[in-house]
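Novice: Before I ask anything, here is the structure I am working with.
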Amino acid sequence: MKNNSTISAIQKMLFKSGIAFFTLMLLLATSILSHTNSVQAVKPTIVILSHYNYTLKIGQSFYLSGLAINGKYVTWKSSSSRIASVNTYGKVTAKKAGSCNITGKVSGGEASCRITVQKTSVTLSATSITLENGASAVLKGSTSNGSSITWKSQKSSVATIDGRGRITARKPGETTVTASADGTKKTCRITVRKPTVTLNRTSATLYRGQAIALVAKVSSGKKVTWKSRKTSVATVDSSGNVMAKKHGTACIQAKVDGVIKECEIIVRPPVIRLSKTSATIRKGGKLTLKATVSSGNAPRWKSSKSSVASVDQNGNVTARNKGSCYISVTEDGTTEKCHIQVTAK
């Protein structure tokens with residue numbers, strides 16, 4: 001009976017000790033929790049973002065979300081709005097190639113997202129184009145972000161380009177066409193070549209009064225300008241029709257876009273043959289001289305002494321008085337003579 005009382009006393013003591021220990025631990029835990037809450041009150045407020053790194057192309061945008069654990073509203077700011085801007089609602093828009101930070105802030109806390117804006121790449125359908133003057137071609141361009149391209153010609157006197165990339169050749173030479181988008185540039189070399197000019201003949205021989213037609217073939221399709229370097233010998237009109245004026249040599253030029261082709265025109269003097277080189281006529285008599293002219297042109301007749309013998313333009317000679325003279329026939333610098341002796345009746 002005594003042993004049972006001893007055991008009961010020990011159990012009661014252990015029970016009381018357990019309650020004391022539990023109470024002590026509870027107080028300790030409360031103290032720690034109270035201390036922890038006290039420390040948290042002085043720490044910065046945590047801000048959680050939907051992204052901490054983001055890559056964009058120029059012109060692209062996305063929404064950056066932010067949550068503060070204290071439930072406060074997050075405000076946004078860009079470290080460089082020239083590179084990427086952000087509005088009140090966290091919409092980030094890429095403006096220029098480079099990097100910047102978009103920061104979400106609340107009172108007592110903030111977090112940042114690193115934004116990388118990629119440089120726009122420009123691709124052209126050709127790096128060099130060769131055209132004839134007056135011809136055109138389309139230069140196609142594309143950009144990595146779909147932005148529009150601005151076109152410009154370095155020498156618009158050589159070649160122009162419109163807003164759709166159509167190039168038109170203006171004159172022989174070289175220029176550079178530049179495609180620009182978002183600060184990125186790509187170039188294409190434009191060569192407007194000189195045309196090939198071919199004449200249907202490079203020389204011709206004519207008599208005075210004869211004509212020929214010169215024809216110029218131009219690879220660019222442009223019209224040539226015709227010119228005679230000696231109009232007293234041969235002339236040429238705007239269509240290339242050449243007319244021989246007198247014996248000699250003239251150069252006919254066809255010119256287009258700095259290219260000159262020439263045709264040599266030789267106007268040769270005619271050969272004249274008279275039916276007689278001398279004749280004796282009595283005063284009052286008549287004689288008909290005949291002249292054969294190789295050019296086919298009518299010659300001019302003349303008497304050296306019309307008081308002795310006269311001649312009309314058909315070669316009819318009339319003896320006037322006793323004496324002698326020469327009847328000459330001339331065509332384009334060639335002269336032949338017939339000696340006339342007039343005797344008394």
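Novice: List pairs: first residue in region 173-199 and acidic (Asp, Glu), second residue assigned to a strand (DSSP E or B) and buried (at least 16 other Cβ atoms within 10 Å of the Cβ) anywhere in the structure, Cβ distance under 8 angstrom, at least six positions apart or on different chains.
Specialist: That search, which allows pairs on different chains as well, returns Glu174/Ile190; Glu174/Val192; Asp182/Thr143.
Novice: Here's another thing I want to ask about it. Mind listing whichever residues of region 152-188 are among the small types (Gly, Ala, Ser), open to solvent by 30 Å² or more (accessible area, probe 1.4 Å) and either under 16 Å from Ser136 (Cβ atoms) or at pLDDT 95 or above (or both)?
Specialist: Ser156, Ser157, Gly163, Ser180
Novice: Still on this structure, I have one more. Quick one: Ala213 ticks every box in (1) within 22 Å of the chain's Cα centre (by Cα); (2) within 24 Å of Lys255 (Cα to Cα); (3) modelled with pLDDT of 95 or more bar one, so which box is it?
Specialist: The single condition Ala213 does not satisfy is (1).
Novice: Of all the residues that make up region 141-169, how many are in contact with a strand residue (DSSP E or B) (Cβ under 6 Å, 6 or more places away or on another chain), more than 30 Å from Gly98 (Cβ to Cβ) and assigned to a loop (DSSP other than H, G, I, E, B)?
Specialist: Residues meeting the conditions: 2.
Novice: For region 66-80, enumerate the residues that are open to solvent by less than 30 Å² (accessible area, probe 1.4 Å) and either part of a loop (DSSP other than H, G, I, E, B) or hydroxyl-bearing (Ser, Thr, Tyr) (or both).
Specialist: Selection gives Val74, Ser78, Ser80.
Novice: Which ones in region 197-235 are among the hydroxyl-bearing types (Ser, Thr, Tyr) and open to solvent by less than 50 Å² (accessible area, probe 1.4 Å)?
Specialist: Tyr207, Ser220, Ser228, Thr235
Novice: Let me ask you something else. Looking only at region 192-231, filter to residues that are touching a Gly at 6+ places or on another chain (Cβ under 7 Å) and outside any loop (DSSP other than H, G, I, E, B); which one of those is farthest from Ala135 (Cα to Cα)?
Specialist: Only one residue fits best here, namely Ala213.
Novice: Do we find that Thr191 is open to solvent by 70 Å² or more (accessible area, probe 1.4 Å), over 16 Å from Asp237 (Cβ atoms) and at pLDDT 95 or above in this structure?
Specialist: The answer is no for Thr191.
Novice: Name the residues in region 249-292 that are surrounded by 15 or more Cβ atoms within 10 Å (Cβ to Cβ), farther than 30 Å from Lys322 by Cα, touching a residue at least 40 places away in the same chain (Cβ under 8 Å) and of a type outside the set (D, E, K, R), would you?
Specialist: Matches in region 249-292: Ala254, Val256, Val259, Cys263, Ile265, Ile266, Val267, Pro269, Pro270.
Novice: Restricting to region 236-248, name every residue that is open to solvent by 70 Å² or more (accessible area, probe 1.4 Å) and either under 31 Å from the mean Cα position of the chain (by Cα) or β-branched (Val, Ile, Thr) (or both).
Specialist: Result: Ser238, Ser239.
The values are calculated or read from the model by the stated rules, or taken from the named source; none is laboratory data. Treat the numbers as computed from the prediction; the structure is a model and nothing was measured. Positions of Cβ are generated from backbone atoms using ideal geometry, with glycine treated the same way; all protein chains shown enter the neighbour counts. In case anyone asks, the SASA skips ligands and DNA or RNA and just uses the protein heavy atoms, side chains included. Shrake-Rupley method; radii C 1.70, N 1.55, O 1.52, S 1.80 Å.
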